[in-house]
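The values are calculated or read from the model by the stated rules, or taken from the named source; none is laboratory data. Note that this is a predicted model, so its numbers are computed, not measured. Cβ coordinates were reconstructed from backbone atoms using ideal geometry, including for glycine residues, and neighbour counts include every protein chain displayed. What goes into the accessible areas is simple: the full protein's heavy atoms, side chains included, and nothing from ligands, DNA or RNA. Shrake-Rupley method; radii C 1.70, N 1.55, O 1.52, S 1.80 Å.
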Amino acid sequence: MSAASSPPAGSATPPAHPGGPSAAARARSLPASPPPLSRPLPARGFLATSRTDAWWGRPVLVFLGFTGFIVYSTWAAFQGAHYTFGPYLSPFYSPELFGASEHAWFGPKPGWYPGWLPWSPAFLILWAPAGFRLTCYYYRGAYYKSHWADPLACSVGEPRAGYLGERHFPLLLQNVHRYFLYLALVFLVILSYDVWRALWFTDPATGATEFGVGAGTLVLALNVVLLAGYTFGCHSLRHLVGGRLTRLSSRPVRQKAYFCVGRFTRRHMTWAWFSLVWVAFSDLYVRLCSMGIWTDWRII
Ligand code: FES
């Protein structure tokens with residue numbers, strides 16, 4: 001055996017493996033101060049980047065789509081009228097807790113409602129689906145880029161020097177998403193009931209109720225299907241049904257449910273946008289029929 005492979009005399013640390021250099025010898029062979037593996041990136045000004053691709057395309061589309069929806073839904077909620085047509089009820093007003101239509105659960109506008117506030121049945125319920133959307137994990141990732149601009153995109157300068165993240169106020173509030181999920185599941189049941197009601201038409205001549213299917217019935221039914229696809233892919237639901245378990249394989253029913261939710265989760269963004277557009281269209285459909293601008297086509 002050569003001298004290089006023997007433990008040095010007086011060495012306190014043995015070699016890592018028989019015949020190898022000792023720890024002290026290995027330490028001596030290393031550079032005194034290894035070069036840093038990474039260096040802090042230079043601060044960029046807002047929107048400054050060396051990227052040449054169309055990184056801004058998706059944030060702009062999200063900005064237009066989401067802002068358009070917020071503007072329309074806010075306008076529709078403030079109208080307080082033309083939200084029903086025959087057996088149809090706009091999903092922006094469902095459930096109608098108090099209101100003037102036959103769909104109202106507890107009668108007309110309550111006396112306790114502050115007189116100085118504008119009135120619309122939508123104000124009482126729209127906060128729940130709005131909160132569910134706003135705190136959705138997908139939408140957060142999307143509108144942080146398009147509206148909050150932080151982070152805007154990889155290697156693009158941001159408007160703020162620091163990033164607080166979701167462990168601090170105000171973004172900490174996003175964690176209420178799981179509670180909005182419970183409400184969203186209840187809303188799905190209510191909207192399904194609205195579809196059932198949309199199958200029963202009153203004959204204006206006789207006052208008798210008869211089964212039927214109108215184009216509006218299909219619009220409202222598709223709305224429920226799309227909202228269900230969006231809700232069933234919720235990340236919080238996935239966690240609830242199985243994600244929080246340490247050993248999913250030991251719970252076959254929960255495992256099945258987890259994989260089932262996972263199928264929807266994979267397309268969560270698609271479900272999110274289709275359901276967003278369709279819920280607005282459903283309101284528009286009922287509104288325009290109620291205003292006499294569109295005619296509801298009766299299929300059966
Ligand atoms: Fe999108 Fe829950 S994560 S709805």
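Checking every one of the chymotrypsin sites (Phe, Trp or Tyr not before Pro) in segment 156-193 against DSSP loop status and a limit of 13 other Cβ atoms within 10 Å picks out Tyr163. In this simple spin-label approximation, Val225 and Arg244 carry label points 7 Å from Cα along the Cα→Cβ vector, and these lie 3.3 nm apart.
Here the 3J(HN,Hα) profile of segment 52-69, calculated from phi with Karplus coefficients 6.51, -1.76 and 1.60 at θ = phi - 60°, is 10, 7, 7, 5, 7, x, 5, x, 5, 4, 5, 4, 5, x, 6, 5, x, 5 Hz, Gly and Pro shown as x. Helical runs assigned H by DSSP (4 residues or longer) give the chain a calculated mean residue ellipticity at 222 nm of -13500 deg cm²/dmol, each run adding -39500 (n - 2.57) before division by the residue total. Over all projection directions, the Cα-based convex hull of segment 100-141 averages an area of 4.2 nm². For Gln255 and Tyr182, what does the FRET efficiency come to when R0 = 22 Å and r is the distance between their Cβ atoms, rounded to the nearest 0.05? Rounded to the nearest 0.05, the efficiency is 0.45.
Averaged per residue, the chain has 61 square angstrom of accessible surface, using a 1.4 angstrom probe with ligands and nucleic acids left out.
Rounded to the nearest Hz, the phi-derived 3J(HN,Hα) couplings of segment 190-198 under the Karplus curve 6.51 cos²θ - 1.76 cosθ + 1.60 (θ = phi - 60°) are 5, 5, 5, 5, 4, 5, 4, 5, 6, where x marks glycine and proline.
For the pair Ala208 and Arg267, the difference between a 0.36 nm per residue extended length and the Cα-Cα distance amounts to 16.9 nm. Could you tell me the calculated FRET efficiency between Val71 and Leu47, based on Cβ-Cβ distance and R0 = 35 angstrom, to the nearest 0.05? With a Förster radius of 35 Å, E is 0.90. Paramagnetic label reach from Trp196 (point 7 Å along Cα→Cβ; backbone nitrogen cut-off under 14 Å): within segment 215-251, no residues. If we count trypsin sites (Lys or Arg not before Pro) as exposed when they sit in a DSSP loop and have at most 12 other beta carbons within 10 Å, what is the longest stretch of the chain that avoids them all? By the stated rule (loop sites, at most 12 other Cβ atoms within 10 Å), 52-159. Loop-located chymotrypsin sites (Phe, Trp or Tyr not before Pro) in segment 241-299 (DSSP state other than H, G, I, E, B) with a sparse environment of at most 12 neighbouring Cβ atoms within 10 Å: Trp297.
Please report, as a whole percent, how much of the solvent-accessible surface of segment 178-267 comes from carbon and sulfur atoms (probe radius 1.4 Å). The nonpolar share, carbon plus sulfur, comes to 63 percent. Largest GNM mean-square fluctuation across Asp283, Asp203, Asp150, computed for the chain with C-alpha springs under 10 Å, falls on Asp203.
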